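This report refers to the structure that appears directly beneath it.
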Amino acid sequence: MKPWPYPLWLAHRGAGRLAPENTLAAFRAGAGFGFRAFECDVKLSRDGEAFLLHDDTLERTTSGRGSPAGLDWTELARLDAGGWHGPAYAAEPLPRFAQIAAFCQANACMLNVEIKPCPGDEARTGAAVAREAARLWAGALPPLLSSFKPEALAAARDAEPALPRALLLDQLWDGWPEAAEALGVAAVITNWRLMDRALIERLHGSGWRALVYTVNDAAVAGRLIADGIDGLITDAVDRFGPHRPDAP
Ligand code: G3P
Ligand code: MG
């Protein structure tokens, strides 16, 4: 396997339980707990700005309505993406991908960018996020680009072949090893329920790193670390992580 420069622990959606997910406030919270690696979800506005948001619609985590794919960035930038979490975060904006890149580089943090296209926008999003990542991280330890959508990863590969990629799996669907091979991935990231020592060894045997999401249970984390896992994405930023004495 190739060298793997990324930390073992990654904070999910920034530190997206302690602060509003996928906002700069969440990244600041995670960094405050000593995390030096983060996962976040990135999609495109109608006019092609890369920004952070998990859902296909705006209702759950912003003051907006409907699909973000139908709005330009100037409209998305006016939304409140923090008030849903609590009044302390009212008026927290949606961050542009470029702002998160700046935060991570200033704080020596690694980023796992989950390419999370709005439905039907897979290829445009994969290519645009890869191009933006290559520009923002030029000369620095690059972010790991991941996606559940092979079409998005293929577009990222074609746009910026040198950036590391990871296939996300919520089930072991037929043909996933062939897809991972064709996509030239550096890693496979599965739901933790799918991962065990045999799968870790199989992935390592193919030259791929093995990572899991979203591990919030100490016993599960301990088992996977003993089995040789290369990375764990967690919401439990206040309980696990690089500087916690009680971490598995
Ligand atoms: O990237 C791993 C994890 O974030 C995938 O699930 O739904 O939280 O984006 P989700
Ligand atoms: Mg995600």
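The values are calculated or read from the model by the stated rules, or taken from the named source; none is laboratory data. Keep in mind that what you see is a predicted model, and the values were worked out from it rather than measured. FYI the Cβ positions are ideal-geometry reconstructions off the backbone, even for glycines, and counts take in every protein chain you see. Side chains are part of the model used for accessible areas, which takes the heavy atoms of the whole protein and leaves out ligands, DNA and RNA. Shrake-Rupley method; radii C 1.70, N 1.55, O 1.52, S 1.80 Å.
A few notes on this one:
- One residue alone among Ala156, Ala152, Ala210, Ala180 is in contact with an Asp or Glu (Cβ under 6 Å, 6 or more places away or on another chain), open to solvent by less than 20 Å² (accessible area, probe 1.4 Å), away from ligand 1 (no atom under 13 Å from the Cβ) and modelled with pLDDT of 95 or more, and that residue is Ala210.
- The set of residues in segment 159-173 that are open to solvent by 80 Å² or more (accessible area, probe 1.4 Å) and either closer than 22 Å to Pro7 by Cβ or assigned to a strand (DSSP E or B) (or both) contains only Ala162.
- Residue match in segment 223-243 (condition: within 18 Å of Pro3 (Cα to Cα), free of Cβ contacts under 8 Å to residues at least 24 places away in the same chain, surrounded by 15 or more Cβ atoms within 10 Å (Cβ to Cβ) and within 15 Å of ligand 1 (Cβ to nearest atom)): no
- Out of Asp55, Asp41, Asp47, Asp80, one residue alone is more than 20 Å from Leu18 (Cα to Cα) and not hydroxyl-bearing (Ser, Thr, Tyr). It is Asp47.
- Considered as a group, the residues in segment 7-34 that are away from ligand 2 (no atom under 15 Å from the Cβ) and outside any helix (DSSP H, G or I) include one that is nearest to Leu76 (Cα to Cα), and that residue is Ala19.
- Where Ala218 falls short, out of the listed (1) over 28 Å from Arg131 (Cα atoms); (2) without any contact (Cβ under 8 Å) to a residue 12 or more places away in the chain: (2)
- Flag for Ala77 being among the aliphatic types (A, V, I, L, M), touching a residue at least 40 places away in the same chain (Cβ under 8 Å) and away from ligand 2 (no atom under 16 Å from the Cβ): no
- Criterion: within 26 Å of Pro20 (Cα to Cα), more than 15 Å from the chain's Cα centre (by Cα) and away from ligand 2 (no atom under 16 Å from the Cβ) - qualifying residue of Ala91, Ala162, Ala134, Ala127: Ala91
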